[in-house]
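**Student:** Quick one: the structure is below, and I'll ask about it shortly.
The values are calculated or read from the model by the stated rules, or taken from the named source; none is laboratory data. Computed from a predicted model, the values in this text were never measured in an experiment. Ideal geometry is used to build each Cβ from the backbone, glycine not excepted, and the neighbour counts take in all protein chains shown. Surface accessibility is based on the protein's heavy atoms, side chains included, excluding ligands, DNA and RNA. Shrake-Rupley method; radii C 1.70, N 1.55, O 1.52, S 1.80 Å.
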Amino acid sequence: MTELIRTAIRVEGVVQGVGFRPFVYTAATGLGLNGFVGNDVDGVFVEVEGPVAAVREFLELLQRDPPPLARIERVTTRAVLPTGATSFAIAASDPAGPRRALVSADTATCADCLRELADPADRRFGYPFINCTNCGPRFTIVRDVPYDRPLTTMAPFAMCEQCAAEYHDPADRRFHAQPTCCPACGPRLTLRDEAGRALPGEPLARAADLLGRGQVLAVKGLGGYHLAVDAACEEAAAALRARKHREDKPFAVLVADLATARRLARVGDADAGLLTSASRPIVLALRRPGAPVAAATAPGNRQLGIMLPYTPLHHLLVRAAARPIVLTSGNISDEPIAYHDADALERLGGIADAFLTHNRAIHIRTDDSVARTFRGRPMLIRRSRGYAPEPVAVTRPFPRPVLACGAELKNTFCLAKDDRAFVSHHIGDLENAETLRSFTEGIEHFRRLFDIDPQVVAHDLHPEYLSTKYALELAEVDLQPVQHHHAHVASCLADNAADGPVIGVAFDGTGYGADGTVWGGEFLVADLASYERGGHLTPVPMPGGAAAIRQPWRMAAAYLDTVCPGTAAGRLDVMRRNQARWPAVVAMARRGVNSPLTSSAGRLFDAAASILGVRDAINYEGQAAIELEQLADPEEAAAYPAGIEAGHPFRVRGGDLVQAVVDDLAAGTAAGVIAARFHHGVAALIEAGCLLLRERTGLRTVALSGGVFQNTLLLNRTVSRLEARKFTVLVHSRVPCNDGGISLGQAVIAAARDRLALGSTRHDVPWGRL
């Protein structure tokens, strides 16, 4: 007689709303096993009973071949007494107890649903809200967990008989797919004018016609509204820029398929993998010469942000329009994306000529993610739709639950417990009440979804950041102030599942320094718990403070007055262009009036860009540096030298690069060559600083972080130089190197300090050698 055993199984990870229960049901019944499967606050629970060999095969299948959207973190088993069960069932969800179940990110339409969408014989033919357990909205419609339909924004839509039959059939692809619907019972499209009045006719066809006639269309997506125009129409793209008050920042372009993407940009295999992934980010790729895209879409930019459709509505719209479409966030510049219908009509009514909308509510606004590839790996620039709220796994658990409040710009927050760090979707720049509301509401939503009651709250040192003020107002928590650039380095460590110590190179625009100055060109020796400032760029004044960020010519004035005062600077075009204010700004810098000292690498790039005539004033963050990278001649290999002043910490003379720029300009060297030599010079000074710190500490691993490393020319040259010197180099992949990754760094620093306080981790940073 065959021996029967019964095994209880617990599966944790992203296993709800992704077809895991029907997968288990099919696998178990196919092997002749009895028992049950269900959802609870921890994930999925299973009991199987049958022959030993069949149970073993089931366990192997469970981990070897899960549903496409599942992300299994752990599987635990225990033997239980057989019950003599004679069938396999799907049990009711159990909402009791502390929550550990994960919520899936919103996921691009799968191939099966696309086939149905295009099949005239299918009852969902052309239906813009088609989905199944392998695709569709998740995070943006979830109100609470367990992930069941009554706790989503699909609750108002009662399923028709056919949809209900699919939903309750364990053998069906739509078994317990919470957004399941069809034209008879689901959400519906409406086309409205700028005043919100419904327009007659078939909404999609009329919307496509409006795009073809150069109109601006607002489109309700998964996480908010987009603004769309014909990407090849110069007048339409220019009109969108003017109405949106977005002078220069590039727009993303939605294309129907990969073949079209490759006609517009140089899309390699790694880029194609990102574009076609379930996350469907905007992917930055090199624009092809002569690509049929309006100049106003991405003015003066060698790159295009390309995206493929990720909802049925996007598939239908781009095909009906029969052309690439600009698809940009539905907001006025610097405001958060609109996602409530009434708010969208009010805020976008002066921008859009019509609204393609629907009656399924968005619970939480979520911008599109942005990525590029670096040496074949994904490199996230904005981590949001398609990635959040899936956690970043960490190597060691958090001793106590943590809330990390992030930075001021490109804000994300992070809630963490056990071995999971839930980095939020992109919140934006915390500079207005609406974005602050998104920040606070997002924190409360994550706390509820993942049952995290933080005992430790980490925040930036800057006392005026709204995220810092939020942290300081919280009661009954342990506050952990974290230096900005230490958080950058720790974020890179966590991104690479490393603890340190490392040489951390944190190059960005601004960060509040431990000495009260503005840091941003930092060489740190750091682990997760602590850091020491090993070196930095030589500080220079920022004349006018924040005005120097908006007007890079001010940084040119400060650097030029430092390295080549007097007649040399007077011969430069940058001085003549700004001659009316130049003397006053130089005097301000010399006296130190409203001119904080900064070691910022971003401000060094600004100075070089202005001197080269790239840009004296910016319309979005980092614009001067981005355009300087665009200018650089890819064939030039020489690097400007920069001296190092020995000390503890040492100083790298960034002004030497400025002097070299001035000298080459005077010699008539082409601007593209100068821009390339400047970039290579920054890579060379990073190499020199890391070599000096290796001599002092013996460390051979370098972590690169900070927004400056979004510059792929600089990043590539820096990594190549360091690897040639036998360094191990860590760069970002899962979270952005910019301030969008700061919250993760703050969280793991707070955890490391907790472990130190508990005596479970020794202090590894070799301070005595610095």
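**Student:** Quick check on my filter: what residues within region 480-508 are open to solvent by 10 Å² or more (accessible area, probe 1.4 Å) and more than 18 Å from the chain's Cα centre (by Cα)?
**Tutor:** 480, 481, 497, 498, 499, 500, 501, listed by residue number.
**Student:** Filter region 405-418 for residues that are of a type in the set (D, E, K, R) and touching a residue at least 40 places away in the same chain (Cβ under 8 Å) and give the result. Step through it out loud before you land on a result.
**Tutor:** Our first condition is that a residue be of a type in the set (D, E, K, R); within region 405-418, this holds for 408, 410, 417-418.
Correct list: 408, 410, 418.
**Student:** Out of the residues in region 233-265 that are in contact (Cβ under 8 Å) with a residue 40 or more places away in the chain, open to solvent by 30 Å² or more (accessible area, probe 1.4 Å) and part of a helix (DSSP H, G or I), state the one that is nearest to residue 322 (Cα to Cα).
**Tutor:** This residue is 258.
**Student:** Here are some residues: 313, 327. Which one is hydrophobic (A, V, I, L, M, F, W, C) and either closer than 21 Å to residue 378 by Cβ or assigned to a strand (DSSP E or B) (or both)? Walk me through it before giving the result.
**Tutor:** Values: 313 fails: either closer than 21 Å to residue 378 by Cβ or assigned to a strand (DSSP E or B) (or both).
Result of the check over 313, 327: 327.
**Student:** Considering only region 712-749, state which residues are open to solvent by less than 10 Å² (accessible area, probe 1.4 Å) and under 23 Å from residue 634 (Cα atoms).
**Tutor:** 714, 715, 718, 719, 722
**Student:** Of the residues 633, 656, only one is over 22 Å from residue 484 (Cα atoms), open to solvent by 40 Å² or more (accessible area, probe 1.4 Å), touching a residue at least 12 places away in the same chain (Cβ under 8 Å) and part of a helix (DSSP H, G or I); which?
**Tutor:** Just one listed residue meets the conditions, 656.
**Student:** In region 694-718, what count of residues is obtained for those that are part of a helix (DSSP H, G or I), more than 22 Å from residue 411 (Cβ to Cβ) and among the hydrophobic types (A, V, I, L, M, F, W, C)? Show your work before the answer.
**Tutor:** Quick first cut of region 694-718, residues part of a helix (DSSP H, G or I) only: 694-697, 707-710, 712-718.
Okay, now just the ones that are also more than 22 Å from residue 411 (Cβ to Cβ), so 694-697, 712-718.
Filter once more, keeping what is among the hydrophobic types (A, V, I, L, M, F, W, C): 713-715.
Going through region 694-718 one residue at a time, the tally reaches 3.
**Student:** Out of the residues in region 167-192 that are charged (D, E, K, R) and at pLDDT below 95, state the one that is nearest to residue 90 (Cα to Cα).
**Tutor:** 169
**Student:** Going through region 689-711 one residue at a time, which ones are under 19 Å from residue 651 (Cα atoms) and surrounded by fewer than 19 Cβ atoms within 10 Å (Cβ to Cβ)?
**Tutor:** Those that are under 19 Å from residue 651 (Cα atoms) and surrounded by fewer than 19 Cβ atoms within 10 Å (Cβ to Cβ): 691, 692, 694, 695, 696.
**Student:** Given the condition open to solvent by 50 Å² or more (accessible area, probe 1.4 Å), over 33 Å from the mean Cα position of the chain (by Cα) and touching a residue at least 24 places away in the same chain (Cβ under 8 Å), answer yes or no: does some residue in region 660-669 qualify?
**Tutor:** Scanning region 660-669, I find at least one residue that is open to solvent by 50 Å² or more (accessible area, probe 1.4 Å), over 33 Å from the mean Cα position of the chain (by Cα) and touching a residue at least 24 places away in the same chain (Cβ under 8 Å), so the answer is yes.
**Student:** Here's something else I'd like to know. Have a look at 180, 86 and point out the one that is more than 17 Å from residue 389 (Cα to Cα), open to solvent by 50 Å² or more (accessible area, probe 1.4 Å), out of contact with any Pro (no Cβ under 7 Å at 6 or more places or on another chain) and not charged (D, E, K, R). So that I can check it myself, show each step before the final result.
**Tutor:** Values: 180 fails: open to solvent by 50 Å² or more (accessible area, probe 1.4 Å).
Exactly one residue qualifies, and that residue is 86.
**Student:** For residue 53, which of the numbered conditions (1) modelled with pLDDT of 90 or more; (2) under 35 Å from the mean Cα position of the chain (by Cα); (3) part of a helix (DSSP H, G or I) fails to hold?
**Tutor:** Checking residue 53 against (1) modelled with pLDDT of 90 or more; (2) under 35 Å from the mean Cα position of the chain (by Cα); (3) part of a helix (DSSP H, G or I), the one that fails is (2).
**Student:** Name the single residue that is modelled with the lowest pLDDT among those in region 438-472 being within 29 Å of residue 16 (Cα to Cα) and basic (Lys, Arg).
**Tutor:** Among residues in region 438-472 that are within 29 Å of residue 16 (Cα to Cα) and basic (Lys, Arg), the one modelled with the lowest pLDDT is 448.
**Student:** Can you tell me which residues in region 348-382 are open to solvent by 40 Å² or more (accessible area, probe 1.4 Å), within 28 Å of residue 242 (Cα to Cα) and not in a strand (DSSP E or B)?
**Tutor:** The answer is 350, 353.
**Student:** Output the residue which, of all residues in region 383-397 that are crowded, with 19+ Cβ neighbours inside 10 Å and not aliphatic (A, V, I, L, M), is nearest to residue 493 (Cα to Cα). Outline the logic, then answer.
**Tutor:** Taking region 383-397 as the starting set, the residues that turn out to be crowded, with 19+ Cβ neighbours inside 10 Å are 383-392, 394.
If we keep only those that are not aliphatic (A, V, I, L, M) too, we end up with 383-387, 389-391.
Details: 383: 17, 384: 21, 385: 24, 386: 23, 387: 19, 389: 20, 390: 19, 391: 16 Å.
It comes out as 391.
**Student:** Could you check, for region 92-105, whether at least one of its residues is exposed (fewer than 15 other Cβ atoms within 10 Å of the Cβ), at pLDDT below 90 and more than 29 Å from residue 424 (Cβ to Cβ)?
**Tutor:** yes
**Student:** Return the only residue of 172, 122, 209, 144 being part of a loop (DSSP other than H, G, I, E, B), surrounded by fewer than 18 Cβ atoms within 10 Å (Cβ to Cβ) and free of Cβ contacts under 8 Å to residues at least 12 places away in the same chain.
**Tutor:** 122
**Student:** Out of 519, 553, report the one residue that is of a type in the set (Phe, Trp, Tyr), closer than 22 Å to residue 617 by Cα and assigned to a helix (DSSP H, G or I).
**Tutor:** 553
**Student:** Hey, does region 538-548 have a residue that's at positive phi, of a type outside the set (Phe, Trp, Tyr) and open to solvent by less than 20 Å² (accessible area, probe 1.4 Å)?
**Tutor:** Taking every residue of region 538-548 in turn, at least one turns out to be at positive phi, of a type outside the set (Phe, Trp, Tyr) and open to solvent by less than 20 Å² (accessible area, probe 1.4 Å).
**Student:** What is the residue count in region 266-304 for residues that are free of Cβ contacts under 8 Å to residues at least 60 places away in the same chain and of a type in the set (A, V, I, L, M)?
**Tutor:** Qualifying residue count, region 266-304: 7.
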